[in-house]
Amino acid sequence: MLKELQLKIVSLQKLVYNDYVDAVTLPTKAGEITVLPNHAPLISHLAKGTIRVRRGGFEGNWKPFEISGGFMEVTPDSRLTV
């Protein structure tokens, strides 16, 4: 099992974030979800809000990214693209 999730946050202009993380919490149209390594494949429409990214294990710090909407995709190989 993979212990990290590869996260890419891409805007229309540039690659905003690209790193391995422990957890990502995202605002979807159906409510807030947290994606961890080995998450089931998923595609979802994102709502306006804050993406929170955690690195550094269970007690790691959360880094926020404000978004105005968009889409997310989780692939079977623990890659999350926003």
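The values are calculated or read from the model by the stated rules, or taken from the named source; none is laboratory data. The shown structure was predicted, so the numbers you read here are calculated from the model rather than taken from an experiment. Backbone-built Cβ (ideal geometry, glycine too); neighbour counts: all protein chains shown. Heavy atoms of the whole protein, side chains included, go into the accessibility calculation; ligands, DNA and RNA do not. Shrake-Rupley method; radii C 1.70, N 1.55, O 1.52, S 1.80 Å.
Sequence gap at least 6, Cα distance under 8 Å: using those rules, report the relative contact order of the chain to the nearest whole percent.
31
How much length is gained on full extension from residue 29 to residue 13, taking 0.36 nm per residue of separation minus their Cα-Cα distance?
Difference between extended and current length: 3.4 nm.
Could you report the stretch 43-82's accessible area per residue, 1.4 Å probe, as an integer in Å²?
65
Rounded, prolate or oblate: which fits the chain when a ≥ b ≥ c are the square roots of the eigenvalues of the alpha-carbon gyration tensor, with rounded for a/c under 1.5 and prolate only if a/b beats b/c? Write down the numbers at each step before the final one.
Working: a/c = 1.41, a/b = 1.26, b/c = 1.12.
In terms of gyration-tensor shape, rounded.
Please give every one of the lysines within straight-line cross-link reach of residue 48, meaning a C-alpha to C-alpha distance under 23 Å, and leave out same-chain neighbours fewer than 8 residues apart.
Leaving aside lysines fewer than 8 places away in the same chain, those within reach of residue 48 are 8, 14, 29, 63.
At a 1.4 Å probe radius, carbon and sulfur cover how many percent of the accessible area of the chain?
C and S atoms contribute 54 percent here.
By per-residue mean of other Cβ atoms within 10 Å, what is the highest-first order of 66-75, 10-19?
My ranking of the peptides, most packed first, is 66-75, 10-19.
I'd like the Karplus ³J(HN,Hα) series for the stretch 26-40: coefficients 6.51, -1.76, 1.60, θ = phi - 60°, whole numbers in Hz, and an x wherever there's a Gly or Pro.
Rounded to whole hertz, the list is 10, x, 9, 5, 8, x, 7, 10, 10, 9, 10, x, 6, 5, 4.
At 0.36 nm per residue, and after removing the present C-alpha to C-alpha distance, how many nm does the segment from residue 59 to residue 81 gain when stretched out fully?
Difference between extended and current length: 5.5 nm.
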